[in-house]
Every structure is written in C-alpha cells, then in structure tokens.
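First comes the structure, then the notes that go with it.
The values are calculated or read from the model by the stated rules, or taken from the named source; none is laboratory data. Bear in mind the structure is a predicted one, so any value in this text is a computation, not a measurement. Heads up, the Cβs are rebuilt from the backbone with ideal geometry, glycines too, and the neighbour counts pull from every protein chain shown.
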Amino acid sequence: MSTREKLDQLSYLKTQAELGGGQPRIDVQHEAGKLTARERLDLLLDDGSFEEIDKLVTHKNGETSLAESVVVGFGKIDGRLVYIYAQDFTVSGGSLSEASGKKIIKVMDLAVKNGSPIIGINDGGGARVQEGVDSLATYGEIFKRNVNASGVVPQISVVMGPCAGGAVYSPILTDFIFMTDKAYMYITGPDVVQTVTGEQVTHESLGGAAIHSVRSGVCHFEIKGEKECLEEVRKLLSFFPSNNMETVQVFETTDQPDRSVEDLVNLIPNDTRKAYDMKEILYRVVDDGDFMEVEEQFAQNIIIGFARMSGITIGIVANQPAYLAGVLDIDSSDKAARFIRTCDAFNIPVITFVDTPGYSPGTAQEYGGIIRHGAKIVYAYSEATVPKITIIIRKAYGGAYVAMASKHLGADVNLAWPTAEIAVMGPDAAVKIINKRQLQKASDPELEQQRLENEYREQFANPYIAASKGYVDDVIDPRETRFKIIRALEMLASKSETKLPKKHGNIPL
C-alpha cells in the first residue's frame, strides 16, 4: 500500500470516527433537542483550538463502530488551556466502557500534570452492562482522579442528558455542576424506585435540573439551553486560575475603585424587623453590577457567587434577609462552607456581608444535625488562608456573628455599617430574658418592651462596642463600602499564612 493509499485510509478512519454512532443516531440526538458531543465542544472551546486524543480507540467485544462513546482532548477557552471530555450518546448511549473510561483517565492525568482545568460533558447511560466489572473498575479509577485533582485544578461538570447510577459520583466530586433542561441525575432510576418504594416518579421528578437546583443542592447552575449553558461555563472559568499554584488574572475595568455608592444610605429599612434584598447591595458595590450567583435557587437564605472589584476576582458570601430572615440553617451552612473552601483552594479572596439573626431554631433543624452542619461554616472560615474581608450590614447575633467570618475566626479586615447590631441575641429575645419581671409588672407591657429594646440597642446592639475592643476594625459610611473593600484587597494582595503541619483536618461532615 502506497503512502497516498495509507493517507486515504487514515482519512477514512478518522471521518468514520467523527460520525460516532452514525448519521441516523446523530439525527435522533438532534430530534431530542440535544447537540452531539463534537458540536458541544465546538461551542465551548475557542475556534479551531480543539485537539483530539484517542480518536481511533474503538469498541472491544467485536462491536463494529469505529468510535468509542466519549470524545476527549484539549483546547483553549479565552486563550487558556483546558482538558475536556464529552460523552457521545450516539455511541452505545454514551455508556462507559473500559476503553472510553481509559480515554477520560488519560486527559485527567494530563490536566493534573500540566496544571489546567478539567471539563466533563455528561450525556450517557452509565456503566456498559456488557462489560460487567471492567466498566465498574474504570469508574473507580475516574473517581480517584477526581479526588486527587480536587483543589489542584478546577473541575467542572456539565450534565446535558442522562447521568445515572455510579456515573453521578464523578460530577459530584467536581467543583461545579451545570445542568440543562434535558439533564437528569439519580442513583436509582424510576423503575427501581417504583419497585422498591411504590412511588410513581419520572426521570425529571426524580432527578431533573429543577430538583437538583432547588431541593438537593447538587446542581450549581440550571440553564435551559445548551448554547447558553456552555457560555456560562466559559464565564465561570474566567473567575479561576488554571491551578492552585497560580493567582487569578486581574481584569481591566472602567468602574472606578473610589466610586461612591450613594444608594446604599437609604437601602436598609429603619425597622430592623423589615427585610430587604442583600443582592441590591452586592450589585451596587461590585464592578459593573456583574455578579455570577452560584446555587441561586438552593438555600436562598445565603447568597454565594463570584464578582470582581477593581478587576480583582472575589468570592462573595452574604446572608439574605429577604429569605427566612437570613438565618443560618443546615442547607445554607453546607452551601457556604463548600464555597468558602473552593475559593480558598484556588486563591480567591472571600468577602462576607453579614445580616443574620442567628442559627435556625426548631426540632427539625436540631434532629437534622444543625450542630454538625453549622460547624462546617465555622471550620471553613477558620481554615481558609486567602484574604478574608467582612462587612456587617445589620444583624450579627450570637453564634452566627462568630461564624460569619468574624475577627475571632481569622478574618483580616472587619468593617461595620452604623446600622450594625452586634450582640449575643436580638433585642426582642434579650429584653424578654433580662427584663422578664419588669415586663410582667408594666402597665403597658408592649410599650415597655419597645422602650427596653431601644435601650438595649443603644447600650449593647451597636457596632461601637465591638469597635472599641478591636473586633471591628472600623465603622464606615455605607457609601464607602466599595472603596474600603478594594483598599483592603490591595493591602492583602501579598498575604501569606502558614498552618500547622498535618496530613489534613477533620471537618464535621
């Protein structure tokens, strides 16, 4: 065979491999409202940057397709190197075989060696049944690599179809999960659930994107369309360095660092019982009002997400008084703690906005383990070595004051608005305990309660006592919030903190 003939053979083999399961199956994928693996890669990566690896790896067991069920390789996003794999549903339903698993393992190993992010696009039916334990063993190898890469390089999972059984454990071990309206994730499928429990469920009601973004907290971003979803993946990656040894790029911005935020003066209600939307503060202080919220629909009493201030990437944690008064409960503690640890792993400063009346009371929370879960946020803040800046907006009561990045947990800069109330508990509860007999004897208990609450606020629930003890570094004009945070970020740019030598800590899980 001549060189020309060999080149023709090579071209034929690669063309057949690029067809995956063949045109009829590609047509079915499109009819289902889904793109193919290669079309998704074209949308996600910079034009012409994708280089495929293992294109000619084929099925074993005598199957005739020239392609395996995953496309793997490397490319660029905004000029930065990333490693990627995309399951191909047109080939054996995207199921994981030993051969396709080894393709994934290869790019994961390359990503860690070269210090670049890993992105996985999931659209597959789980382990390939025909291969038995070989397929299961390959899952284990992938999971181990997810764990080894955790905190070393960013890992992002995008679920755009089925992700069931053991397949769900790779995405959940990564840093972030995106889901589209065609996606679903669950351990056991509808048929098994019905057989075992008698429940009538569908794929969507059991593990659709809406379920995981609102109820379980598994999904960080629920985005309907595939194109829109992949655009958001690109945006999220812009907030991260390529690996844990690098710092995040500082972006140019026309938003002036010393911009006074006049609206903040009148944003907080005079009545401390009234709610307001914390996001209105966040939008006003970050660069160009651009805040990328994470887990927006889950545990809405706390807000987490990414933004920039004077071009510097920051992670934001903020209580949300507009939802459950901003209390800390089981889900919000878990949500915040993991986000703080993610920021810490990748050298992203954490800015905390505080307005919380405390931890959520009640038997449901106590029986559910609020002590154990609530401790996670304490652990995460105490463990983090990145710059930590805290602004107390209004309420900061009891253990929640300590937990929300107080000076006592190692926050670097703690600021407070004049509206801040820092105390062991809220005035209402405190007065009922301290002045119980006085209230019982009062001719007008309600009026006396209000008078005593005002007195308590003046004497105890204000920022000046904490400031006099150095627990708050400064009480600031709300309009200066943006400027003060940026100044603190610049001051902390070279922060270095060394922890005690140990294998790892033992966070309460």
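Things to note:
- Among the residues of the range 46-97, the one identified as among the acidic types (Asp, Glu), in contact with a helix residue (DSSP H, G or I) (Cβ under 9 Å, 6 or more places away or on another chain) and more than 21 Å from Ser157 (Cβ to Cβ) is Glu63.
- Any hit, the range 195-203, residues being without any contact (Cβ under 8 Å) to a residue 24 or more places away in the chain, among the small types (Gly, Ala, Ser) and assigned to a helix (DSSP H, G or I): no
- Selection within the range 311-325 - surrounded by fewer than 21 Cβ atoms within 10 Å (Cβ to Cβ) and within 26 Å of Val250 (Cβ to Cβ): Gly311
- The single condition among (1) assigned by TED's automatic domain parsing to the domain that holds Ile348; (2) within 26 Å of Ile312 (Cα to Cα) that Asn243 does not satisfy is (1).
Let's see how each residue does on (1) small (Gly, Ala, Ser); (2) over 20 Å from the mean Cα position of the chain (by Cα):
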position	(1), (2)
Val250	no, yes
Gln256	no, yes
Glu262	no, yes
Asn266	no, yes
Pro269	no, yes
Glu293	no, no
Asn301	no, no
Ser333	yes, no
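- Tallying residues that are over 20 Å from Gln29 (Cβ atoms) and aliphatic (A, V, I, L, M) within the range 90-103 yields 1.
- Taken together, the residues in the range 168-194 that are more than 22 Å from Ile223 (Cβ to Cβ) and in a helix (DSSP H, G or I) amount to 6.
- When Ile187, Ile172 are checked against the criterion of being of a type in the set (Val, Ile, Thr), surrounded by fewer than 16 Cβ atoms within 10 Å (Cβ to Cβ) and modelled with pLDDT of 95 or more, Ile172 stands alone in meeting it.
- Tabulated pairs, the range 363-384, first assigned to a helix (DSSP H, G or I), second modelled with pLDDT of 95 or more and β-branched (Val, Ile, Thr), C-beta under 7 angstrom, 6+ apart or interchain: Gln365/Ile330; Gly368/Ile330; Ile370/Ile330; His373/Ile330; Lys376/Ile507; Tyr379/Ile507; Ala380/Ile340; Tyr381/Ile340
- A search for C-beta distances below 6 Å between a residue of the range 272-301 that is at positive phi and any residue that is of a type in the set (Asp, Glu), counting only pairs 6+ apart in sequence or on different chains, returns Asp288/Asp255; Ala299/Asp331.
- Residue pairs whose Cβ atoms lie under 7 Å apart, separated by 6 or more positions or on different chains, with the first residue in the range 464-484 and under 14 Å from Ile281 (Cβ atoms) and the second hydrophobic (A, V, I, L, M, F, W, C) and part of a helix (DSSP H, G or I), are Pro478/Leu264; Pro478/Val265; Arg479/Leu264; Arg479/Val265; Thr481/Leu264; Thr481/Val285; Arg482/Val285.
- Just one of the numbered conditions (1) closer than 28 Å to Ile177 by Cα; (2) modelled with pLDDT under 95 is not true of Val265: (1).
Rundown of residues vs (1) over 14 Å from Cys219 (Cα atoms); (2) at pLDDT below 95; (3) not hydroxyl-bearing (Ser, Thr, Tyr), yes/no style:
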site: Ala137; (1), (2), (3): yes, yes, yes
site: Ser150; (1), (2), (3): yes, no, no
site: Ser157; (1), (2), (3): no, no, no
site: Met160; (1), (2), (3): no, no, yes
site: Gly166; (1), (2), (3): yes, yes, yes
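- Scope the range 463-509; condition outside any loop (DSSP other than H, G, I, E, B), of a type in the set (Val, Ile, Thr) and loosely packed, with under 10 Cβ neighbours inside 10 Å; matching residues: none
- Of all residues in the range 19-66 being among the acidic types (Asp, Glu) and over 34 Å from the mean Cα position of the chain (by Cα), the one that is modelled with the lowest pLDDT: Glu63
- Index of the failed condition, Val133 passing every other in (1) surrounded by 19 or more Cβ atoms within 10 Å (Cβ to Cβ); (2) out of contact with any strand residue (DSSP E or B) (no Cβ under 7 Å at 6 or more places or on another chain); (3) of a type in the set (A, V, I, L, M); (4) modelled with pLDDT under 95: (1)
- Filtered residue count, the range 204-223, keeping only those that are more than 19 Å from Tyr169 (Cα to Cα) and not in a helix (DSSP H, G or I): 1
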